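The values are calculated or read from the model by the stated rules, or taken from the named source; none is laboratory data. Note that the structure is predicted; figures quoted are calculated from it, not measured. Quick reminder, even Gly has a Cβ in these numbers, built from the backbone with ideal geometry, and neighbours come from all protein chains shown. Keep in mind that these areas ignore ligands, DNA and RNA; they rest on the heavy atoms of the full protein, side chains included. Shrake-Rupley method; radii C 1.70, N 1.55, O 1.52, S 1.80 Å.
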Amino acid sequence: MMASSDVDVQGEGSLFSDQIPSEMDALCPSPPGPSRPQRHYERIGGRTGTSFFQTLIHLLKGNIGTGLLGLPLAVKNAGLVLGPISLLVMGIIAVHCMELLVKCSHHLSAKVNRQSLTYGEAVQYGMENVSWLRRHSLWGKRTVNLFLIITQLGFCCVYFVFLSDNVKQVVEAANATTFSCSMNYTNQTEILVPSFDSRLYMLCFLPFLILLVFVRNLRYLAPLSLVANVVMSASLVLIYFFSLTHITYPINLPKVGRAKDYPLFFGTAIFAFEGIGVVLPLENKMQRPQTFTLVLYLGMGIVTFLYISLGTIGYICFGEHIGGSITLNLPNCWMYQSVKLLYSFGIFITFALQFYVPAEILIPPVVARVSERWETAVDLLLRTVLVIFTCALAILIPELDLVISLVGSVSSSFLALIFPPVLEVIAFHTEGLSPVKMGLNMVISAVGLVGFLAGTYIAIEQIIARNALKHTDTLSSYLVL
């Protein structure tokens with residue numbers, strides 16, 4: 001999943017500069033377009049801007065990632081009936097908030113006579129619209145930028161855990177891997193040759209990911225990104241096929257999960273739906289921006305369908321044994337071991353795209369303070385430090401499902417649910433909003449805030465509990481020896 005805004009960082013001394021880059025900028029740069037009132041109808045030039053189909057593909061790519069593979073466990077936490085219903089409701093709310101962001105961006109950019117606004121700038125100019133918030137408007141933008149950084153680095157942490165868990169499983173089952181793809185009775189890939197701890201696998205990936213992020217121009221990674229998208233799509237087709245063809249009857253799964261587990265569902269679901277950061281960059285790059293609403297509804301409709309279907313089918317297929325990623329439940333035959341490796345390759349390449357945003361926000365202000373001869377060295381050093389930082393966080397919390405839920409609860413809830421309704425209230429402060437809209441905005445923001453508090457608390461509690469259990473088991477094994 002990607003999140004960012006659509007401008008570059010140049011010559012700013014502040015850590016959170018006025019403009020924020022996006023991985024979309026490198027792979028799909030913004031054309032020089034006319035003013036906002038003109039762009040609202042059609043771009044001038046005929047060749048500039050992205051088409052309807054290209055924008056749709058970018059929207060799908062920005063919303064489909066590791067979060068999708070964790071949704072079967074999310075449905076388990078919510079229940080077989082409550083889970084899909086909750087995903088549908090969350091999808092509707094997510095699309096509504098994305099539409100609010102675009103609407104507020106149009107309104108505010110027309111007011112300040114700007115061609116386009118980033119997410120952070122929209123919040124800044126929205127706060128300037130309210131007299132008693134005007135003095136603090138810059139902090140509104142910086143707050144959004146901070147959550148964008150947290151989200152993107154959180155995605156990178158999730159990728160470390162995903163890569164280590166899946167490759168570790170393939171290595172451990174290598175001696176038993178066959179051409180027969182029948183599912184074993186425990187619905188789990190058999191682990192026959194124990195190998196290193198998953199955290200050691202993260203350290204093995206570390207130097208390769210550092211080398212990957214040394215590629216500062218993402219255009220050089222565009223061909224690999226295309227290959228990654230193709231293999232991840234093929235892997236999803238095979239995952240759907242296996243799950244649909246291995247459902248056992250009767251289905252005796254809880255219709256409603258435990259109340260204590262529902263916050264974990266919320267965190268995972270909002271992690272998956274947090275694609276709001278790509279909305280403004282995509283809309284700003286369209287050849288005919290007036291069609292973006294249709295792209296948004298169509299694209300997010302497809303995304304919501306995929307989320308509900310894979311989450312439900314995956315849970316029905318693997319039941320109580322479902323893992324943090326559905327790939328961890330696939331059998332140890334060569335076809336599905338290849339699925340794990342291919343999807344891992346796609347995630348490996350996507351790491352560079354997710355890393356691009358925090359790197360381009362945090363590194364340029366530091367590089368600007370050193371002499372020209374040291375610029376490249378300092379740039380590469382800071383990239384290395386950031387990757388090591390994300391790896392260290394992943395090593396501290398090597399639980400895929402809990403990392404996903406924690407990142408979703410902490411940062412995605414603010415970007416996707418809390419900020420957009422608040423932005424509409426302050427952006428249309430002088431025009432006035434109907435009581436129905438005000439009430440709806442308050443409810444959505446309240447849901448996001450409760451989800452943030454409960455999801456963060458439960459995720460941290462579960463992380464502490466699992467770590468304590470692991471330490472107890474390790475101590476017991478030493479005592480037995």
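Summary of values
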| item | result |
| --- | --- |
| Distance violations [Cα-Cα > 22 Å] among K255/K340; K168/K260; K61/K437; K111/K141 | K255/K340; K168/K260; K61/K437 |
| Per-residue SASA entry for E99, accessible area with 1.4 Å probe, Å² rounded to 10 | 70 |
| Distance in nm between pseudo-label sites at H321 and L244 (7 Å out along the Cβ direction from Cα) | 2.3 |
| Rg over Rh [alpha-carbon atoms, Kirkwood Rh] for region 253-301 | 1.23 |
| Förster-model FRET efficiency, 25 Å R0, N252 and M335, C-beta, rounded to 0.05 | 0.30 |
| Cα gyration tensor shape for region 303-442, rounded if a/c is under 1.5, else prolate or oblate | oblate |
| With every protein chain in place, region 364-418: carbon and sulfur % of accessible area (1.4 Å) | 71 |
| Förster-model FRET efficiency, 45 Å R0, L381 and E431, C-beta, rounded to 0.05 | 0.35 |
| Ranked by how many other beta carbons lie within 10 Å on average, peptides 433-442, 392-401 from highest | 392-401, 433-442 |
| Net length gained if the chain between K260 and V130 were fully extended (0.36 nm per residue, minus Cα distance) | 42.9 nm |
| Gyration tensor (alpha-carbon) shape descriptor, region 233-331, a/c threshold 1.5 | prolate |
| Largest-first ordering by accessible area, 1.4 Å probe, given options R142, R383 | R142, R383 |
| Mean-position separation - Cα centroids, region 106-146 and region 373-410, in angstrom | 29 |
| Protein accessible area in region 284-324, 1.4 Å probe - carbon and sulfur % | 73 |
| Amide hydrogen neighbours beyond the local backbone of M286, cut-off 5 Å, H modeled | T50 |
